[in-house]
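Here's the structure, in structure tokens; my notes come after.
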Amino acid sequence: FPVTIINVVAIANWLFQDVHAEIICLQEVFSKKHRKVFQEKAAAQGWKSVFPDDDCWLGHYLRGIECGSGLGILIHPSIDIIKTPSFTPYHWNGGVDALVTKGFFLLHCRKAQQKFIVVNTHMQSDLTDIPCIRINYPKERQFQEMEMYANLIHERLPLIAVGDMNQATFKWFERIDPVHHITFPETEEHLDHALILKRDATK
């Protein structure tokens, strides 16, 4: 559906009314105006909101693409942020994704005495807007997964990576739900996942 301010307000209202979560990761919030909606809704609920510093040069030419990664994280008051959030852009991008700022957003958290890391990402997408043609970018996604892994493997805390990965097969990470998760049942596309490092499976 068209990304209007009315739709964004409706999504923000739904998140805080019906989604019983303590951490909410957002993708495709490319507009600063839309970010502001989530920030204001979060603040009204006593939540914290964090967005990366990811200005996109394309924003000077196209309305609504000022924030290149589109990523954001909303945090319940019961969760403490224990380190400054960090954003790392991917170095391998293809097609139209090369015009934005794909990457991953890292947040160190603590709930009670448990420390952990949340990673929000949006990896390389395929081009499907051409009728009857799908342009795939599997190599770019493989490089992005490897780059994310290389940055995160040095972290000592258990971590979970969530987001729009645009694929279902991973080499360096492990899917939390390897069987049942289908983003779009009508096309059987597996796009959105929650991943962990294999070492964190028992944590």
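The values are calculated or read from the model by the stated rules, or taken from the named source; none is laboratory data. Computed from a prediction, not measured in an experiment: that's the story for all the values here. Please note: Cβ atoms are built from the backbone with ideal geometry, for glycine as well, and neighbour counts cover all protein chains shown. For accessibility, only protein heavy atoms count, side chains too; no ligands or nucleic acids. Shrake-Rupley method; radii C 1.70, N 1.55, O 1.52, S 1.80 Å.
Which of the aspartates and glutamates could a cross-linker bridge to Lys203, judged by Cα under 17 Å and excluding same-chain residues fewer than eight apart? Reachable aspartates and glutamates: Glu155, Glu174, Asp177. Relative to the Cα centre, the charge distribution of the chain, modelled as +1 at Lys and Arg Cβ and -1 at Asp and Glu Cβ, gives a dipole magnitude of about 680 debye.
Here the accessible area of the chain is 56 percent carbon and sulfur, with a 1.4 angstrom probe and all protein chains present.
A 1.4 Å probe run over the protein chains yields, for the stretch 24-153, 51 Å² of accessible area per residue, whole-number rounding.
With a 10 Å cut-off between alpha carbons and a GNM built on the chain, which of Lys115, Lys48, Lys102 moves the most? Evaluated over the chain, the most mobile residue of the options is Lys115.
Under the criterion of Cα pairs below 8 Å and six or more residues apart, the relative contact order for the stretch 59-203 equals 18 percent. Averaged over residues, the count of other Cβ atoms within 10 Å places the peptides 6-14, 165-173 in the sequence 165-173, 6-14, highest first. Simple point charges give the picture: +1 on the Cβ of Lys and Arg, -1 on the Cβ of Asp and Glu, and for the stretch 142-203 a dipole about the Cα centre of about 480 debye. Each peptide in 146-156, 68-78, 35-45 gets a packing score, the mean of other Cβ atoms within 10 Å over its residues, and the list from highest to lowest is 68-78, 35-45, 146-156.
When the chain is fully extended, how far beyond the present Cα-Cα distance does His76 get from Lys32, taking 0.36 nm per residue of separation? If you can, show how the numbers build up before the last one.
Values: separation 44, 0.36 × 44 = 15.84 nm, distance 2.16 nm.
The His76-Lys32 span can extend by a further 13.7 nm.
Computed over the stretch 1-89, relative contact order equals 34 percent, with contacts defined as Cα pairs under 8 Å that lie 6+ residues apart.
Listed values (i) 49, 41, 37; (ii) 46, 45, 24; (iii) 51, 41, 34 include one computed from this model; for Cα extents along the principal axes in Å that value carries the label (iii).
The modelled label-to-label distance between Asp192 and Gln17, using points 7 Å beyond Cα along the C-beta direction, is 1.9 nm. Karplus-based coupling profile of the stretch 157-165, in residue order and whole Hz: 7, x, 9, 10, 10, 10, x, 9, 8, with θ = phi - 60° in 6.51 cos²θ - 1.76 cosθ + 1.60 and x standing for Gly or Pro.
Among the lysines of the stretch 81-171, pairs that are 8 or more positions apart or on different chains and have alpha carbons within less than 26 Å of each other number 7. In the chain, the DSSP beta bridges split such that about 85 percent are antiparallel, to the nearest 5.
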